[in-house]
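The values are calculated or read from the model by the stated rules, or taken from the named source; none is laboratory data. A quick note: this is a predicted structure, and the numbers were derived from the prediction, not measured. Every residue, glycine as well, gets a Cβ built from its backbone with ideal geometry; the counts of neighbours run over all protein chains shown. When the accessible area is computed, the model is the full protein with side chains, heavy atoms only, and any ligands, DNA or RNA have been set aside. Shrake-Rupley method; radii C 1.70, N 1.55, O 1.52, S 1.80 Å.
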Amino acid sequence: MSDHRNDHHDVDAVVVGAGFGGLYAAYKLRQAGLTVHGIERGADVGGTWYWNRYPGARCDIESLEYSYQFSDDLQQDWRWTERYAAQPEILAYARHVADRFELRPLFGFSTSVVSASFDEDTDRWLVDTQSESESESESGCDRRQWRARFLVLATGGVSRPYTPTLAGLERFGGRTVHTGAWPADGVDVDGKRVAIIGTGGSGVQALPILADRAASVSVLQRTPTYVIPARNRSADTDVERVVKADYQGFRQRTTELQFGFGAFFDQGDVAAMAVDADERERRYRQRWEDGGYSFLYTFGDLGTNPAAAETAAEFIRGEIRRIVDDPVVAEALCPAHVFGCRRIVIGTDYYESFNRPNVSLVDVAADPIVELTATGVRTEQSHIDADLIVFATGFEDQAASLRHLDLRGLGGVRLADRWQDRPLTYLGLCTAGFPNMFFVNGPGNPSITTNMIANIEHTVDWIVGCVDHAIDRGWTRVDVNPLAQNRWTAGVDARANGRLLHTCTSRYVGVTGAGQRYVFPFIGVPDYRSTLADVAARGYPGLVFDGRPTPRPGVVAPLVAAATSARTNSNSTRQTDPTI
Ligand code: NAP
């Protein structure tokens, strides 16, 4: 096997990830005239929807919203078959987009980033990669270095599977599988005794499907989840026709909504306590029957007023007690934490599954897991026999995929060290000391609380606009002013303080080294959009542009002369107003 590490490849931009973020970044950068190379760990496009193939995986945002809008032809042509698309259909859509816009040739698949460092002499990123498929070949080269002016990281906000360290894992004689890394060739579930650990969105979606096929399913629940019925159904062609008649107007309406989706339902602005108990019940029931996230908008203060949130929680607990036959099981399924503090899950037949004779609930908060044994899971009080253990235990935090990349910025500083205490970003898109590097769906970005695809398009457009701005002016280095970064971070922290997100542990809450809790950003979509637009319109205050006279290929090469001249003329860094 030969090592071709010295085999440098020059492009204007490297994109990491071929999920919806990476695909659109590659498309948009290429459209701006840059040469692009993409790197994807998976064998194909799709990102989240490539890896999360567990039975029942389905989007919780309606299909007509959870889709790209950059091409009207695409959004007119593509026809979703269900109100909420299932994983295979979303993956097929990602593949269609990759083929339709000829994005696949831009990417190297089954390839990982080994490290990426910023070369201060040339203002370029040196990205070392390793290809799995090539490393398996006897003659091929398995390592390459890409040199690029810009590095766009579309590595996902929820993408590093978390598996708890359980004693005895190596002793377990059956099979273990994580929902976030479900094998492409499937897992044999038929007639098996299955134990699912975790009752977040993935566990909730997987349970009813696994229960259809398995001999038995034991659900190991640590924290009960508020689950709203999806009321999924075949796509309504009348609704599709109306939306497609004015898709642009429909998309525009979503930009005015707090979470960037929900154009199908009324966003209630009445306070929960402003109506009497009967009227509250009537409104909750109507939203419950409609299904989906509409329930969250029954009243305007469910995310900010604990008393209001408790009325929603109590309605759902009532539904759980009504649906689940065994009162002891029903009680154990009733969540106690503040409604809306954690992400609400949209599910199908979740609570109903506990009426099946082959499904049982194990409350591992009351009876904690001790270890895995050769034949299953031992808790303090019992043993659960299992042939298959499904870890529906979620993912590391929103910064994890970036921290794990071995990124080195100015002075060779590692991002993981810089963010040891907590991630610090400017606009949730870039971070000081790591010039020419942008991330999509990273920390400090509201992505995971919004319609991810819409947010991806919005932020990638901004990133590429910023790259264009630098290229047009001959700047070869774009960094973040630390003051602006601190101000942004403090600003998003302060906004979250007014919400109920602080009131429990969840993926929205991080803890600093000093034990201080902070919330991953909660900035509504309208405010985020207007902030990014304003920053761009004002010439990117908060960013620091600098120019260096280094020749390079692609669109930047003709601008080197301008860069040289700019640098000679100013001979200094242009530092703009750090306010955002
Ligand atoms: P998750 O929401 O983080 O849930 C992980 C579950 O695993 C929790 O119930 C957690 O319990 C449990 N868990 C973790 N470690 C455990 C341990 N040692 N013992 C027992 N239980 C343990 O993960 P997820 O369900 O994979 O969802 C990840 C993200 O993707 C979420 O934001 C989710 O909403 C989203 N998602 C979206 C969709 C969709 O669009 N339809 C579908 C699936 C997931 P605790 O709560 O006690 O920590």
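Kindly list the number of the only condition in (1) within 16 Å of the ligand (Cβ to nearest atom); (2) surrounded by fewer than 22 Cβ atoms within 10 Å (Cβ to Cβ) that fails for GLY173.
Result: GLY173 passes all but (1).
Just one of (1) at pLDDT 95 or above; (2) part of a helix (DSSP H, G or I); (3) of a type in the set (Ser, Thr, Tyr) trips up SER133, so point out which.
For SER133, the failing item is (1).
Any residue in the range 153-167 that is in contact (Cβ under 8 Å) with a residue 24 or more places away in the chain, over 25 Å from VAL329 (Cα atoms), more than 16 Å from the ligand (Cβ to nearest atom) and touching a helix residue (DSSP H, G or I) at 6+ places or on another chain (Cβ under 8 Å)?
Yes, there is a match, as at least one residue in the range 153-167 is in contact (Cβ under 8 Å) with a residue 24 or more places away in the chain, over 25 Å from VAL329 (Cα atoms), more than 16 Å from the ligand (Cβ to nearest atom) and touching a helix residue (DSSP H, G or I) at 6+ places or on another chain (Cβ under 8 Å).
Please pick out the residue among TYR50, TYR54 that is open to solvent by 10 Å² or more (accessible area, probe 1.4 Å), at pLDDT 95 or above, within 15 Å of the ligand (Cβ to nearest atom) and under 19 Å from THR199 (Cα atoms).
Working: TYR50 fails: under 19 Å from THR199 (Cα atoms).
TYR54 is the lone residue from the list that is open to solvent by 10 Å² or more (accessible area, probe 1.4 Å), at pLDDT 95 or above, within 15 Å of the ligand (Cβ to nearest atom) and under 19 Å from THR199 (Cα atoms).
In the range 197-249, what residues are within 9 Å of the ligand (Cβ to nearest atom) and charged (D, E, K, R)?
Listed by number, the list holds a single entry, ARG222.
Restricting the search to the range 271-299, which residues are open to solvent by 50 Å² or more (accessible area, probe 1.4 Å) and over 27 Å from ARG233 (Cα atoms)?
MET273, ALA274, ASP276, ALA277, ASP278
Which one of these does THR81 not meet: (1) among the β-branched types (Val, Ile, Thr); (2) surrounded by fewer than 20 Cβ atoms within 10 Å (Cβ to Cβ); (3) more than 30 Å from PRO183 (Cβ to Cβ)?
So the condition that THR81 fails would be (3).
Can you confirm whether the range 176-196 contains a residue that is within 16 Å of the ligand (Cβ to nearest atom), among the hydroxyl-bearing types (Ser, Thr, Tyr), within 22 Å of ALA366 (Cβ to Cβ) and surrounded by fewer than 21 Cβ atoms within 10 Å (Cβ to Cβ)?
For the range 176-196, residues within 16 Å of the ligand (Cβ to nearest atom), among the hydroxyl-bearing types (Ser, Thr, Tyr), within 22 Å of ALA366 (Cβ to Cβ) and surrounded by fewer than 21 Cβ atoms within 10 Å (Cβ to Cβ): absent.
For GLY465, state whether it is closer than 30 Å to LEU91 by Cα, surrounded by fewer than 20 Cβ atoms within 10 Å (Cβ to Cβ) and at pLDDT 95 or above.
Yes.
From VAL328, VAL345, grab the single residue that is within 16 Å of the ligand (Cβ to nearest atom) and β-branched (Val, Ile, Thr). Spell out how you get there, then give the answer.
Numbers: VAL328 fails: within 16 Å of the ligand (Cβ to nearest atom).
Result: VAL345 is the single residue among VAL328, VAL345 that is within 16 Å of the ligand (Cβ to nearest atom) and β-branched (Val, Ile, Thr).
Being modelled with pLDDT of 95 or more and open to solvent by 40 Å² or more (accessible area, probe 1.4 Å) is the filter; apply it to the range 300-315 and report the residue that is nearest to the chain's Cα centre (by Cα).
Taking the candidates together, the pick is GLU310.
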